[in-house]
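Step one of this worksheet: look at the structure below.
The values are calculated or read from the model by the stated rules, or taken from the named source; none is laboratory data. This is a predicted model, so every value here is computed, not measured. As a convention, Cβ positions derive from the backbone with ideal geometry for all residues, glycine included, and neighbour counts pool all protein chains shown.
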Amino acid sequence: MGTTTLSRSTQRTTMALGRMESFEHSIFARLLAASGKTQERIAVECGVTKGVVSHWLAGRNKPAPQHAPRLAEALGVGVLDLAGKTIETADLVDLRMTAGLVGTQAADLAGLKRSQIITLEAAISAPKPDHLEALAEVYGVTVNQIRRAWVNRRIFLFGTDSLTQLPPEAREYLAPWADV
């Protein structure tokens, strides 16, 4: 039997549907030390085992969407802080993780198909305005923040040069961010 090799963007998108891909274990270690809490205490507050917390600390695994908000709360920070990001530097996956959702949950809440969430997070084609609005509502952010997050995702997956290849309808996403 042969093996299937996934493209870099497909691998990242597939992984992103499950775990907090931008989680930084070194940031977690600093935040844990600053909190004065033990791994055991964090495990209890997150509803996981101490072994899971140990894997997060060592960088062997990353929190699942339902655990990211609990971990951030246990440490007294926001989910984006676990990745060293802000609302301006977050991408679509980061915003979904902040909401504590896996891709299928986000799709259901936004009235989209799972394949549409995958396509949005793959940042290949420009999102439709109604998809932007639906995600903004589900993630509790503005439409402009969703636009920026889509651009950030595209840069993450394909590099800054990929922005020159955007179709005209997506170029407006690069405009100054009025309400963020």
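Summary table
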{"quantity": "Those residues of region 104-149 which are under 17 Å from the mean Cα position of the chain (by Cα) and in a loop (DSSP other than H, G, I, E, B), in sequence order", "calculated": "Ala123, Ile124, Pro127, Gly140, Val141, Thr142"}
{"quantity": "Per-region count, region 87-103, residues in contact with a helix residue (DSSP H, G or I) (Cβ under 6 Å, 6 or more places away or on another chain), charged (D, E, K, R) and part of a loop (DSSP other than H, G, I, E, B)", "calculated": "1"}
{"quantity": "Of residues in region 31-59 being exposed (fewer than 13 other Cβ atoms within 10 Å of the Cβ) and assigned to a helix (DSSP H, G or I), the one nearest to the chain's Cα centre (by Cα)", "calculated": "Ala58"}
{"quantity": "Unmet criterion (only one of (1) surrounded by fewer than 16 Cβ atoms within 10 Å (Cβ to Cβ); (2) basic (Lys, Arg); (3) modelled with pLDDT under 95) for Lys62", "calculated": "(1)"}
{"quantity": "Failed condition for Phe156, given (1) under 18 Å from Met20 (Cα atoms); (2) without any contact (Cβ under 8 Å) to a residue 60 or more places away in the chain; (3) not charged (D, E, K, R)", "calculated": "(2)"}
